[in-house]
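In what follows, a structure is listed as structure tokens, so that the remarks can point back to it.
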Amino acid sequence: HPDVSPASLTLRRLVTLTHGLDDGPVVFRTAYTGDFSKEQLLELLRYHPPTGRLGVFDYNNLGYNLAGFVLEARYGRPWQEIVRREVLDPVGMSGTTAYASSLRADETAMPHELGPAGYARIRQGKSDANMHAAGGHFSTMRDLGRYLAAHLGGGLVEGRRVLPRAAVLLTQGQQVAQDRTTGQLRRVGWGIGWDISVYEGDRMLHRNGAFAGARSFVSFMPESGFGVAVQANGGGLAASTAEALATYVYDRLLGRPRPGERHAARVEALDTRRAEAMAAAARKREERRSRQGALPRPLDRYAGVYENPQLGRMEWRVVGGGLEVRMGVAGSTVEIDEAGAERLAVRLTGGEEIVDFAAGPPGRSPSSFTYGDQTFTRVSDAAR
């Protein structure tokens, strides 16, 4: 971006999330579509303007995406191999992988999201192409336990040095302040890859993981020597559920009074939120039904390839009497949100997103549509 000084983008600012660059197409392509080359991503940085907050903590994926480029340039190999060699293999995390293709379906928890009828299975949105440096690993409880043990032991696991002590302690030390509250935790700082929080007077380091239909909560208390990891194959409220379960375990380990009662109250509150979310989803579905009907054009008129200079290609097809859309490895069925306005709903990134097609003659294919704040222009009928 012309308003960004390259000298300001130090490796420390990237990993402490103080680089001062806004979210944008690099994050979208690496996390969701997998449609990119490294050269394209570097060109797309022009669309990541400065936030005006250089040196201030501001969470997004971009810092670690770029840090992955730095590692690859320094060591001449993919970031996945570097992490495997420097961290996973030494710690003994044999069940952790940055390659979705190496997973066996019968050994992998499948993603679910909350809807009007409760949790339901959704499409697995991760493949090798969009396993990125800011959030690109599948793991197991055993492996996360070993990783926490390495941090609690200052790089030692079972009495054996697996990680350099200085490097481990560097990641745990506060690099920049933050002030956010999530659930029971007050986040006061950021290390390198760790949120630093306070839970009822005790310092906790943790990192939350999230993608469509999956959540994780990995944490430890350096002073007490306890660590807790929770994985959930659900989205939305599963993040709060994972944190509630972790804090319950900490309450028991720390000998706090009435841990069961405290946990029961949190679960009751979560149940209330779940019921409210299901009811809201049901109301939204009924409201949408009143706006549905036949679109102004035949379905095959919407089919085709549309492009946007930032986000890439979106391909629309008629499949089984309905529309489906794909961007790289991301895909979604299409639901009519408002037929007369040619407004359609897709789920390319996990949550629902609206696509508004440009008005035009009923017998002709639309020339463009808007998706978020981006306009896609029709370039081909090839996707029919």
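Considering Glu315, Glu324, the condition of being among the acidic types (Asp, Glu), outside any loop (DSSP other than H, G, I, E, B) and either within 24 Å of Leu114 (Cβ to Cβ) or open to solvent by 70 Å² or more (accessible area, probe 1.4 Å) (or both) is satisfied by Glu324 alone.
Okay, residues lined up against (1) out of contact with any helix residue (DSSP H, G or I) (no Cβ under 6 Å at 6 or more places or on another chain); (2) of a type outside the set (Ser, Thr, Tyr); (3) open to solvent by 40 Å² or more (accessible area, probe 1.4 Å):
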site	(1), (2), (3)
His132	no, yes, no
His137	yes, yes, yes
Leu144	yes, yes, no
Val157	no, yes, no
Val162	no, yes, no
Leu170	yes, yes, yes
Ala177	yes, yes, yes
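Counted as qualifying within the range 195-303 are the helices (runs of 4 or more DSSP H) with 2 or more residues that are among the β-branched types (Val, Ile, Thr), namely 238-253, 259-289.
Scanning the range 1-24 for residues that are farther than 22 Å from Gly193 by Cα and either among the hydroxyl-bearing types (Ser, Thr, Tyr) or under 18 Å from the mean Cα position of the chain (by Cα) (or both) returns a single hit, Ser5.
The rows are residues; the columns are (1) open to solvent by less than 40 Å² (accessible area, probe 1.4 Å); (2) aliphatic (A, V, I, L, M); (3) over 22 Å from the mean Cα position of the chain (by Cα).
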residue: Ala212; (1), (2), (3): yes, yes, no
residue: Val218; (1), (2), (3): yes, yes, no
residue: Gly227; (1), (2), (3): yes, no, yes
residue: Val230; (1), (2), (3): yes, yes, no
residue: Thr247; (1), (2), (3): yes, no, yes
residue: Ala275; (1), (2), (3): no, yes, yes
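Contact map, the range 144-156: first residue at positive phi, second residue open to solvent by 10 Å² or more (accessible area, probe 1.4 Å), Cβ cut-off under 7 Å, separation 6 or more or different chains; pairs are Gly154/Arg165; Gly154/Leu169; Gly155/Arg161; Gly155/Val162; Gly155/Leu163; Gly155/Pro164; Gly155/Arg165.
Every residue in the range 277-299 that is among the charged types (D, E, K, R), more than 17 Å from Val346 (Cβ to Cβ) and either open to solvent by 70 Å² or more (accessible area, probe 1.4 Å) or free of Cβ contacts under 8 Å to residues at least 24 places away in the same chain (or both), please.
Arg283, Glu286, Glu287, Arg289
Against the conditions (1) surrounded by fewer than 18 Cβ atoms within 10 Å (Cβ to Cβ); (2) part of a strand (DSSP E or B), Val70 satisfies every one except (2).
Starting from residues that are among the basic types (Lys, Arg) and open to solvent by 70 Å² or more (accessible area, probe 1.4 Å), keep the ones in the range 345-383 and report whichever is modelled with the highest pLDDT.
Per the criteria, the residue is Arg347.
As for the range 168-189, it holds no residue that is within 14 Å of Val91 (Cα to Cα) and among the basic types (Lys, Arg). Cβ-Cβ contacts under 7 Å between residues 6 or more apart (or on different chains), taken from a first residue in the range 232-258 that is at negative phi to a second residue that is in a helix (DSSP H, G or I) and open to solvent by 60 Å² or more (accessible area, probe 1.4 Å), are listed as Ala232/Thr241; Leu237/Arg273; Leu237/Arg274; Asp251/Arg262. I'm trying to understand the selection: among the residues of the range 178-194, which are without any contact (Cβ under 8 Å) to a residue 60 or more places away in the chain, part of a loop (DSSP other than H, G, I, E, B) and over 19 Å from the mean Cα position of the chain (by Cα)? Within the range 178-194, just Gly191 meets the criteria. Restricting Glu307, Glu286 to residues that are touching a strand residue (DSSP E or B) at 6+ places or on another chain (Cβ under 9 Å) and not polar (S, T, N, Q) narrows the list to Glu307.
The values are calculated or read from the model by the stated rules, or taken from the named source; none is laboratory data. What you see is a predicted model, and the numbers here were worked out from it, not measured in a lab. A quick note on method: Cβ atoms are made from the backbone with ideal geometry, for glycine too, and the neighbour counts reach across all protein chains shown. Remember, those area values only see protein heavy atoms, side chains included, never the ligands or the DNA or RNA. Shrake-Rupley method; radii C 1.70, N 1.55, O 1.52, S 1.80 Å.
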